[in-house]
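A.B. asks: I'd like to ask some things about the structure below.
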Amino acid sequence: MKTVDKILQRIKREGAVSARQLADEMGMTTMGIRQHLQAMEDDGLVDFSDIRVKVGRPTRHWSLTAEGHRRFADSHGDLAVSVIDSVQTLFGDEGLEKVIQQRQEKTLQHYRDMLKDCHNLKAKLETLAYLREKEGYMAELQETDDGFLLIENHCPICQAAKRCPSLCNSEKQIFTTVLGNEYSVTREEHIIQGQRRCTYKVRARE
């Protein structure tokens, strides 16, 4: 993987980062990383903000621009939007909801099959994160004080979801159903709302 692609992957998964952090992680000089970042800025892929620190000069942190985010796959986004428009035109809102429901049921059955041997919440979420990673969501799982955080750093159906918000609602409903009624699932960050990633807080119901 080229250095530029590594930098894009790092920022996509982890968020804003300094040149020094990138240099340490990639075993390069800070000057070399800065040269790459400058070229990426010229190409419109990254932008920076200077964050004040208690001592010394502000630290420059780099993040992806909209163009940078577009470098990551949106699974045939234009085609998906076109299909959604066609279904809605031919069959109306009710027909579109039936298509989304069918997709939800198919996905739910697949996840249930894959999670059937998982006997606790952590095992279920680890498997779910693995499945979502394979589907292109750049997923990871973090354990918190009161539960877990399922993180999706990318949305491969973003264009379709913007056109049809029911797709996003369907994703959350799938998680809720496959994990069981004893757990609550709350979306805390949402790419469609302009945030860097989607996150789902999962914890036992009181």
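A.B. asks: Within the range 59-155, which strands (runs of 3 or more DSSP E) (wholly inside it) include 1 or more residues that are more than 13 Å from the chain's Cα centre (by Cα), closer than 30 Å to GLN35 by Cβ and free of Cβ contacts under 8 Å to residues at least 12 places away in the same chain? Steps first, please.
C.D. replies: Numbers: elements: 59-64, 139-144, 147-152.
It comes to none.
A.B. asks: Any idea which residue in the range 130-174 is surrounded by the most Cβ atoms within 10 Å (Cβ to Cβ), counting only those that are closer than 17 Å to ILE191 by Cα and among the hydroxyl-bearing types (Ser, Thr, Tyr)?
C.D. replies: TYR137
A.B. asks: Let me ask another. Restricting the search to the range 28-69, which residues are open to solvent by 50 Å² or more (accessible area, probe 1.4 Å), among the β-branched types (Val, Ile, Thr) and in contact with a Ser or Thr (Cβ under 8 Å, 6 or more places away or on another chain)?
C.D. replies: Hits for the range 28-69 are ILE51, VAL53.
A.B. asks: Please work out if MET31 is under 27 Å from the mean Cα position of the chain (by Cα) and either in a helix (DSSP H, G or I) or hydroxyl-bearing (Ser, Thr, Tyr) (or both). Before you say what the answer is, go through the steps one by one.
C.D. replies: Values: under 27 Å from the mean Cα position of the chain (by Cα): no; either in a helix (DSSP H, G or I) or hydroxyl-bearing (Ser, Thr, Tyr) (or both): yes.
So MET31 does not fit the description; no.
A.B. asks: Moving on. Return a yes/no flag: does the range 117-126 have any residue that is touching a Cys at 6+ places or on another chain (Cβ under 7 Å) and either modelled with pLDDT under 95 or open to solvent by 30 Å² or more (accessible area, probe 1.4 Å) (or both).
C.D. replies: Within the range 117-126, the subset touching a Cys at 6+ places or on another chain (Cβ under 7 Å) is 124.
Narrowing the set further to residues that are either modelled with pLDDT under 95 or open to solvent by 30 Å² or more (accessible area, probe 1.4 Å) (or both) leaves 124.
Yes; the residues of the range 117-126 include at least one that is touching a Cys at 6+ places or on another chain (Cβ under 7 Å) and either modelled with pLDDT under 95 or open to solvent by 30 Å² or more (accessible area, probe 1.4 Å) (or both).
The values are calculated or read from the model by the stated rules, or taken from the named source; none is laboratory data. Here the structure is a predicted model, which means the values were calculated and not measured. Reconstructed Cβ throughout: ideal geometry from the backbone, glycine too, with neighbour counts over all protein chains shown. The accessibility values were calculated without ligands, DNA or RNA, using every heavy atom of the protein model including side chains. Shrake-Rupley method; radii C 1.70, N 1.55, O 1.52, S 1.80 Å.
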